[in-house]
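This report refers to the structure that appears directly beneath it.
The values are calculated or read from the model by the stated rules, or taken from the named source; none is laboratory data. Predicted model, so just to flag it, every value in this text is computed and none were measured. Note that we place each Cβ from the backbone using ideal geometry, even for glycine, and neighbour counts take in every protein chain shown.
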Amino acid sequence: MSFRINSFEEYQNEYTKSVENPEQFWADKAGHFQWRKKWDKVLEWNFEKPDVKWFIGGRLNITENCLDRHLAERGDQTAIIWEPNSPNEEVRKLTYKELHEEVCRFANVLKNNGAKKGDRICIYMPMVPELAIAVLACARIGAIHSVVFGGFSFSSLADRINDAECNLVVTADGGYRGAKDIPLKVIVDEALQICPSVKKVVTLKRTGIAVNMQSGRDVWWHDEVKKATTEFVAEEMDSEDKLFILYTSGSTGKPKGVVHTIGGYMVYTAYTFQNVFQYKEAEVFWCTADVGWVTGHSYLIYGPLLSGATTLMFEGIPTFPDAGRFWSVIDKHKVNIFYTAPTAIRSLEAMGLDFVKPYKLDSLRVLGSVGEPINEEAWHWYEENIGKKNCPIVDTWWQTETGGIMISPLAGITKTKPSFATLPLPGIQPVLLDEKGNVLEGNNVEGRLCMKFPWPSIIRTTYGNHERCHDAYFSQFKGYYFTGDGCKRDENGYYRITGRVDDVIKVSGHLLGTAEIENAINEHPDIVESAVVGFQHDIKGWGIYAFVIDEHGRTDTDELKKEIIATVNKFMGAIAKPDKIQVVKGLPKTRSGKIMRRILRKIAEGDVANLGDTSTLLDPAVVDEIKLGAI
Ligand code: PRX
């Protein structure tokens, strides 16, 4: 009944057990948590529908496992260390006891404002402890949280609120990110003009900017908590009740609301947190991801708190006030485990070692990477200059839909190989398929990465539209979960993710649908049509290249380009800002009207000599014109 893997031999044994008898394996792991009622059956699954249920009939509340369960043993231990945007502002620390009290208090606030079990609550906040408190308070009352990244525009926020029909929004007046102040409440107000389901908005005072408070709808966090007690008996939930919705981009249409349910997500995030990072009692764990992304959900909040760890939350950005900020925070809080994205590593590497040298970094024991492939150069820079060749790097591959880490080394246990996520964790059964869906057996193969067996935190549905979940993940290869990633398996059975094989791009670790960016660009009144593709970018991994057709055929296009960037900012957010915009007269289309993105990708990559077969093009002259104007 062990939860922790301590050696490679143990990993191999656990892996074998997890494949031979998955139900027994996961029942053992689930036994480490506090259930109000134990499950009747471990697993039911069908990948064709899809329909997956774990720990069926089990009753629990995840916050009792994150908080109450720890009070006797570690009530006075720090649960959250908060490092503010400005290094001059005071650090905040919340013990498990304090966090428990604040979560109970805010659970009462939510209830007092009409929220109840099953409601959807949108959280649009800066990276402050109240964000974690709001997330956990939702879970405590049995409401489903939908956290929206604070960098999204009013229009993206409104889409997400409407899709989930949220009735309450938790936000702040504003948020600090580096030298910028983000006027969050203003953005919420704008979104709510088109969100009829929202009845209440709770606003935290963070930056102190003036905001409009709509009477009857808007209340202040600080007023409400004064009226609330710190006692709240957690709502009893079913293992398969929804815990949260998190929106992610797809190759078509608007973002999908990925749904995770309580029991399986709890077991899997804690299991992977403890084993991948080999977390040791009293260590400080720092995941730099924003809670608006899945990494922040699983490894800033749930995984660490379920494990009784100390988790660090950072409000700011890696380059403020200078490019040494990450390293200074590591020294300041004696961080032991540091988990960040390759984009951040590459951009800090580009700033030069002078920003690293002043810091000792000797508290570090494990380094992690997530969100996109880490190139060998960045891997070595990270290992030499940050880890001082003393810290194993865990390159963790997973997705919003998988809920937790799937393929990764176990720190200090699995032999690492730069740019390889290495081996599947126990319970994970990857397969590589060729385009026709044939399983590629053996090693030294490359194909599409799929999973042939469910794990506890697999996506259950896409909110409000189960068909979409089926179509996006379970339809291409019958009987498998399809990740959308290409992957190699080397001679030792190690996995290396080669990147997306669909129309989504990873820009600075953010997953963006090209269709979604095109829709935002097309909001510009002069744009007739656009096509977006990715191109390799030294720092961001991938950059955004937009080909646009201007109705008026303007020749001086600088102004138009600025307007397009502003339009994307408004309708999606700054993360989707095109790096390159080329104004064209036409797009390469097949006779049936389909844009030939393959050609545009080649042009964006600067590989115009190898455009491949263009014989099916409706008008080949279009390509010549685009080639000439390529940036
Ligand atoms: O393409 C893979 C890439 O990120 C995608 C998932 O993105 P998202 O749902 O936003 O979740 C990111 C955080 C878990 C994957 O399909 N990806 C993620 N981690 C890695 C990766 N690619 C290569 N190596 C990784 N370690």
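Summary of values
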{"item": "The lone exception for ALA270 - which of (1) surrounded by 21 or more Cβ atoms within 10 Å (Cβ to Cβ); (2) in contact with a strand residue (DSSP E or B) (Cβ under 9 Å, 6 or more places away or on another chain); (3) modelled with pLDDT of 95 or more it fails", "result": "(2)"}
{"item": "Options GLU383, GLU372, GLU377, GLU349: the member that is surrounded by 15 or more Cβ atoms within 10 Å (Cβ to Cβ), without any contact (Cβ under 8 Å) to a residue 60 or more places away in the chain and farther than 22 Å from ILE413 by Cβ", "result": "GLU349"}
{"item": "In segment 508-523, the residues that are within 13 Å of the ligand (Cβ to nearest atom) and part of a loop (DSSP other than H, G, I, E, B)", "result": "SER508, GLY509"}
{"item": "ALA546 vs. criteria more than 16 Å from the ligand (Cβ to nearest atom), under 16 Å from SER251 (Cβ atoms) and not assigned by TED's automatic domain parsing to the domain that holds LYS254", "result": "no"}
{"item": "Candidates GLY427, GLY534 - the one that is within 16 Å of the ligand (Cβ to nearest atom), small (Gly, Ala, Ser) and buried (at least 21 other Cβ atoms within 10 Å of the Cβ)", "result": "GLY534"}
{"item": "Elements of type strands (runs of 3 or more DSSP E) in segment 385-470, at least 1 residues being under 30 Å from ILE121 (Cα atoms) and in contact with a strand residue (DSSP E or B) (Cβ under 6 Å, 6 or more places away or on another chain)", "result": "393-396"}
{"item": "Identity of the residue in segment 41-67, closer than 12 Å to ARG460 by Cβ and assigned to a loop (DSSP other than H, G, I, E, B), that ends up farthest from the chain's Cα centre (by Cα)", "result": "LYS49"}
{"item": "Wholly enclosed strands (runs of 3 or more DSSP E) of segment 285-379 bearing at least 3 residues away from the ligand (no atom under 16 Å from the Cβ)", "result": "310-314"}
{"item": "In segment 179-228, the residues that are touching a strand residue (DSSP E or B) at 6+ places or on another chain (Cβ under 7 Å) and either among the hydroxyl-bearing types (Ser, Thr, Tyr) or not assigned by TED's automatic domain parsing to the domain that holds GLU101 (or both)", "result": "THR203, THR207"}
{"item": "VAL267 aliphatic (A, V, I, L, M) and free of Cβ contacts under 8 Å to residues at least 60 places away in the same chain", "result": "no"}
{"item": "Answer residue from segment 486-507, given it is within 11 Å of the ligand (Cβ to nearest atom) and surrounded by 20 or more Cβ atoms within 10 Å (Cβ to Cβ) and is farthest from SER251 (Cα to Cα) among those", "result": "TYR495"}
{"item": "Residues of segment 515-541 satisfying the condition of being basic (Lys, Arg) and over 24 Å from the mean Cα position of the chain (by Cα)", "result": "none"}
{"item": "Any hit, segment 535-551, residues being more than 16 Å from ARG597 (Cβ to Cβ), in a loop (DSSP other than H, G, I, E, B) and in contact with an Asp or Glu (Cβ under 6 Å, 6 or more places away or on another chain)", "result": "yes"}
{"item": "Condition broken by ALA411, with the remaining ones in (1) within 25 Å of VAL291 (Cβ to Cβ); (2) near the ligand (Cβ under 9 Å from one of its atoms) satisfied", "result": "(2)"}
{"item": "Residue within segment 256-264 that is farther than 30 Å from ARG500 by Cα, touching a residue at least 24 places away in the same chain (Cβ under 8 Å) and not in a loop (DSSP other than H, G, I, E, B) present", "result": "no"}
{"item": "Any pair with Cβ under 6 angstrom, 6 or more apart, that starts in segment 231-255 at a residue that is modelled with pLDDT under 95 and ends at one that is of a type outside the set (S, T, N, Q) and assigned to a loop (DSSP other than H, G, I, E, B)", "result": "SER249/PRO255; SER251/ASP502; SER251/ASP503"}
{"item": "Condition check for PRO392: within 20 Å of PHE8 (Cβ to Cβ), surrounded by fewer than 23 Cβ atoms within 10 Å (Cβ to Cβ), within 15 Å of the ligand (Cβ to nearest atom) and not hydroxyl-bearing (Ser, Thr, Tyr)", "result": "yes"}
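To keep it simple, each residue is scored yes or no on (1) more than 24 Å from VAL259 (Cα to Cα); (2) basic (Lys, Arg); (3) in contact (Cβ under 8 Å) with a residue 12 or more places away in the chain.
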site: ARG4; (1), (2), (3): yes, yes, yes
site: GLU14; (1), (2), (3): yes, no, yes
site: ASN21; (1), (2), (3): yes, no, no
site: LYS29; (1), (2), (3): no, yes, yes
site: GLN34; (1), (2), (3): no, no, yes
site: LEU43; (1), (2), (3): no, no, yes
